[in-house]
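Some notes on the structure that comes next.
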Amino acid sequence: QVQLVESGGGLVQAGGSLRLSCAASGRTFSSAAMGWFRQAPGKQRELVAAITSGGTTNHADSVKGRFTISRDYAKNTVYLQMDSLKPEDTAVYYCAAKIWTGSTWLYEFWGQGTQVTVSS
């Protein structure tokens, strides 16, 4: 099992930066792909960035060049560095772990979410 606890959200002005952290517990962290999702009111949850167990990253087109996902295996922590923030980045951000269920890969474990609000 994987337990995820997020932190780092808050209020920031447009153009500012914020770093989200997701502390993971459980023996599967090192073998799990991790992702950051976000959901704004009235909008669908979307995948913002993902990182494989080997450290390969991918970012949504909407955040490429601004957001960077990374992980620290020693600290069992995944980060989302957010730069050049825009008001449209305002959302609840969730950390999730993608686990092999035996049949498919699924984001089965989720953090509680942390609010990011970007003011104009």
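The values are calculated or read from the model by the stated rules, or taken from the named source; none is laboratory data. Computed from a predicted model, the values in this text were never measured in an experiment. Here the Cβ positions follow ideal geometry from the backbone for every residue, glycine too, while neighbour counts run over all protein chains shown. All accessible areas refer to the heavy atoms of the entire protein, side chains included, with ligands and DNA or RNA removed. Shrake-Rupley method; radii C 1.70, N 1.55, O 1.52, S 1.80 Å.
Structure summary
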{"item": "Accessible area of segment 29-120 belonging to carbon and sulfur atoms, whole % at 1.4 Å probe", "result": "49"}
{"item": "For the chain: Kirkwood Rh in Å [reciprocal of mean 1/r, alpha carbons]", "result": "14.3"}
{"item": "Segment 67-107 shape via C-alpha gyration tensor axes, a/c threshold 1.5", "result": "oblate"}
{"item": "Cα-projected label distance for Lys75 with Ser7, points at 7 Å along beta-carbon direction, nm", "result": "1.0"}
{"item": "Neighbour-limited loop hits for trypsin sites (Lys or Arg not before Pro), segment 47-120 (at most 12 other Cβ within 10 Å; DSSP other than H, G, I, E, B)", "result": "Lys64, Lys75"}
{"item": "Inter-centroid distance (Cα atoms) of segment 58-115 relative to segment 8-23, Å", "result": "13"}
{"item": "Residues Glu88 and Ser31, FRET efficiency given R0 of 25 Å [Cβ-Cβ distance, rounded to 0.05]", "result": "0.15"}
{"item": "Solvent-accessible area of Glu6 with every protein chain in place, 1.4 Å probe, in Å² to the nearest 10", "result": "10"}
{"item": "Candidate lysines for bridging to Lys86, where Cα separation is under 24 Å - those fewer than 8 sequence places away on the same chain excluded", "result": "Lys43, Lys64"}
{"item": "Listed residues Ala14, Ala49, Ala33, most fluctuating in the chain (Gaussian network, C-alpha, under 10 Å)", "result": "Ala14"}
{"item": "Where segment 43-120 is the region considered: accessible area per residue in Å², 1.4 Å probe", "result": "53"}
{"item": "Placed amide H near Ser53: partners under 5 Å, 5+ positions off or other chain", "result": "Ala33"}
